[in-house]
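To start, the structure itself, in structure tokens.
The values are calculated or read from the model by the stated rules, or taken from the named source; none is laboratory data. None of these values were measured; they are calculated from a predicted model. No Cβ is skipped: glycine too gets one built from the backbone with ideal geometry, and neighbour counts run over all protein chains shown. Calculation scope for accessible area: heavy atoms of the full protein, side chains included, ligands and nucleic acids excluded. Shrake-Rupley method; radii C 1.70, N 1.55, O 1.52, S 1.80 Å.
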Amino acid sequence: IEETHLSYISNRGVPIALFFLKVNLKNPNATIEALTPYNDAEFALQKVRSMINYKNESEADRQVVAASNGDYFHWTGEPDGAVHKNGQIIKELPEKKFFFGIRDDGTAMIGDKRIYDNVKTTLEEAISGRFFLMHYGEIMTDHLKDTSIEPRTTVGVLSPEHVVFMWVDGRRTGHSAGLSLRDMASIYDAIGATDAINLDGGGSTTFVMREKDGSYVPHNKPSDAAGERSVGNGLAVMMKSKILETGSAKKGDAHNSAEEVFLYPSPVEDHVNIFIEKEKNNPELTMTLTNANGFHLMRGEGSLEQINEQVNKQISNLEPGIYIIKVKGKNGTYSSRLMKK
């Protein structure tokens with residue numbers, strides 16, 4: 001399971017924040033499964049991190065390591081398209097909808113109604129989307145007439161054993177403007193996908209990862225002012241529990257144990273400023289800096305000003321890459337990714 005963040009200035013002169021997650025289904029420890037509210041077959045609305053909680057509590061041998069929002073949905077929580085869960089067909093695929101599914105042999109596939117009708121009895125897990133981005137290695141230009149620039153959630157396949165999720169943030173001035181459907185299709189084409197579909201985007205776009213301590217933290221920045229939105233379903237990347245480290249967060253409240261650190265600038269070259277409004281006057285903060293593999297590089301204590309000074313002494317020695325900063329204070333634990341250019 002490989003996570004990649006890409007920040008750049010587009011040819012329109014605006015910042016873009018892209019997030020990729022590549023899942024190798026040849027690994028017998030990894031699966032992709034449908035997420036539903038309360039881990040139930042009934043339609044409802046729930047935040048992705050809460051769905052993760054219910055999913056984890058119902059599974060004895062595997063846990064969620066990454067999750068995404070899923071299909072478009074009605075106010076009742078009923079999704080537009082198909083839902084298959086643990087081999088049960090909760091809802092079949094309507095006409096003019098598209099699906100992402102995991103078959104009973106563990107492989108992934110994407111298709112339309114015609115393909116669905118031929119394989120639906122073999123689909124263990126499935127959710128839907130509204131637009132084909134790519135099919136049989138070709139960009140589906142007839143499906144890309146919507147030219148709006150928005151946050152997006154998408155999923156594609158490089159092969160039946162290799163799945164790539166892609167999210168883009170949007171509607172956030174100075175962070176990320178968003179992309180069009182054609183932009184997303186072009187990126188999938190560039191990385192060699194054979195098929196890809198667009199899931200629900202906008203304020204629904206959510207990408208959550210499991211941290212080393214067992215907590216679940218959004219790695220993107222949802223565009224709604226209130227933060228993460230309640231949605232109709234999602235997709236979870238699962239890993240066998242026996243190979244996951246036991247975290248310190250308590251089961252049941254892990255999704256509330258971390259909030260976001262604001263880093264300016266991000267990505268960084270030689271200088272960063274950590275800002276946490278709730279903790280700006282707290283002189284008793286503790287901070288850890290680790291690399292993307294969880295290896296501890298430094299630990300610091302003091303006020304935000306003192307921690308910033310300590311971090312900046314370390315940054316000049318860092319190789320380009322992704323790092324994780326966690327700050328603990330009286331109001332909670334704060335976590336964020338830092339990209340050294």
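Key figures for this structure:
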{"read-out": "Relative intensity, log₁₀ I(q)/I(0), of segment 37-188 from a Debye sum that treats every alpha carbon as a point, q = 0.08, 0.11 Å⁻¹", "value": "-0.24, -0.46"}
{"read-out": "Gain upon complete extension [N273, I322; 0.36 nm per residue less C-alpha separation]", "value": "16.0 nm"}
{"read-out": "3J(HN,Hα) from dihedral phi, segment 113-123, Karplus parametrisation 6.51/-1.76/1.60, rounded to Hz, x for glycine, proline", "value": "4, 4, 5, 4, 4, 7, 10, 4, 6, 9, 8"}
{"read-out": "Probe 1.4 Å - accessible area at R210, Å² to nearest ten", "value": "60"}
{"read-out": "For E124, distant residues with modelled amide H under 5 Å away", "value": "I102, R103, D104"}
{"read-out": "The chain: calculated mean residue ellipticity at 222 nm from DSSP helix runs of at least 4, using -39500 (n - 2.57)", "value": "-3500 deg cm²/dmol"}
{"read-out": "Heavy-atom accessible area ranking, 1.4 Å probe, most first, across Y323, Y54", "value": "Y54, Y323"}
{"read-out": "Highest-fluctuation residue, E228, E124, E57 considered, GNM on the chain with Cα pairs under 10 Å", "value": "E57"}
{"read-out": "Cα gyration tensor category, rounded, prolate or oblate, for segment 1-64 with a/c compared to 1.5", "value": "oblate"}
{"read-out": "Percent accessible area from carbon and sulfur atoms, segment 28-157, protein chains only, probe 1.4 Å", "value": "48"}
{"read-out": "Length added when fully stretched, D104-H5, from 0.36 nm per residue minus Cα-Cα", "value": "32.5 nm"}
{"read-out": "Loop sites in segment 123-161: chymotrypsin sites (Phe, Trp or Tyr not before Pro), DSSP, at most 15 other Cβ within 10 Å", "value": "Y136"}
{"read-out": "Sequence-distant residues sharing a close amide H with L133 (under 5 Å, placed H)", "value": "A196, I197, N198"}
{"read-out": "Set K280/K313; K22/K280; K242/K341; K120/K221 screened for pairs whose C-alpha atoms are more than 28 Å apart", "value": "K22/K280; K242/K341; K120/K221"}
{"read-out": "Crossing angle, helix 181-190 versus the chain [Cα axis fit, 0-90 degrees, rounded to tens]", "value": "80"}
{"read-out": "Rg/Rg_ref, segment 55-120, where Rg_ref = 2.2 N^0.38 Å and atoms are Cα", "value": "1.22"}
{"read-out": "Degrees separating the helix 304-315 axis from the principal Cα axis of the chain, which is the longest one", "value": "80"}
{"read-out": "Accessible-area order (highest first, 1.4 angstrom probe) of the listed residues D142, D169", "value": "D142, D169"}
{"read-out": "Per residue value of the accessible surface for the chain (all protein chains in place, 1.4 Å probe), Å²", "value": "45"}
{"read-out": "Helix axis angle, 48-58 relative to the chain longest principal axis, alpha carbon, degrees", "value": "80"}
{"read-out": "Per DSSP, loop trypsin sites (Lys or Arg not before Pro) in segment 298-337 with at most 16 further Cβ within 10 Å", "value": "K330"}
